[in-house]
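Engineer: Input: one structure, supplied below.
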Amino acid sequence: MKFRLRELACAMIALSGIGASSASAKTNWQGEMMITAVNAACSGGAAAVGDHALTTMLPNTVAGNGADSYIAFHINRRLAYTLKVTNGPLAAGKAYDATGISSGANIFTFSGRISKFTMSPSALTATTRFVTVSGQITNWNNVTGCTITFDAAYVLRR
């Protein structure tokens, strides 16, 4: 059975921990990312230049967001996963743990590194309206060695 967009988005939010209750609302941004480069390990369907994803970002560098940082992706309407940086910011050199769900309702976990991460503005506050990110993530899509480079644009979610 295939998931519809709404069901997959709900699963992504549930997996990410980003969908906090209003009593403990956290500051997060929503946007879209585009893959701009991939390495050879990504061949075979793991990722391609031009792939895009809806994305949500919850950085720990904003007051009230807690110790962990999250960035979630809903990819081409077929799978969703959330990368979690434990006790740290979304930054180059940081390890992540990910939990995902496929369109076939298979839940999976994997880990990797954020090998590059540039954010503008570099310091976010709860009132920063727009954010752009350029980054590089290893083990993309649960494929060991697959490294993608991406650009993303976010708007503050209210």
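Engineer: In this structure, does ALA105 turn out to be open to solvent by 30 Å² or more (accessible area, probe 1.4 Å) and on the phi > 0 side of the Ramachandran plot?
Structural biologist: Judged against the criteria, ALA105 is a match.
Engineer: Does the range 109-120 include one or more residues that are free of Cβ contacts under 8 Å to residues at least 40 places away in the same chain and more than 23 Å from HIS52 (Cβ to Cβ)?
Structural biologist: Yes, some residue in the range 109-120 is free of Cβ contacts under 8 Å to residues at least 40 places away in the same chain and more than 23 Å from HIS52 (Cβ to Cβ).
Engineer: Are any residues in the range 76-102 open to solvent by less than 10 Å² (accessible area, probe 1.4 Å) and more than 10 Å from the chain's Cα centre (by Cα), and if so, which ones?
Structural biologist: Answer for the range 76-102, where residues must be open to solvent by less than 10 Å² (accessible area, probe 1.4 Å) and more than 10 Å from the chain's Cα centre (by Cα): VAL85, GLY88, TYR96, GLY100.
Engineer: Out of ALA72, ALA80, report the one residue that is at negative phi and at pLDDT 95 or above.
Structural biologist: Answer to the selection: ALA72.
The values are calculated or read from the model by the stated rules, or taken from the named source; none is laboratory data. Just so it is clear, the model here is predicted, and its values are computed rather than measured. Please note: Cβ atoms are built from the backbone with ideal geometry, for glycine as well, and neighbour counts cover all protein chains shown. In case anyone asks, the SASA skips ligands and DNA or RNA and just uses the protein heavy atoms, side chains included. Shrake-Rupley method; radii C 1.70, N 1.55, O 1.52, S 1.80 Å.
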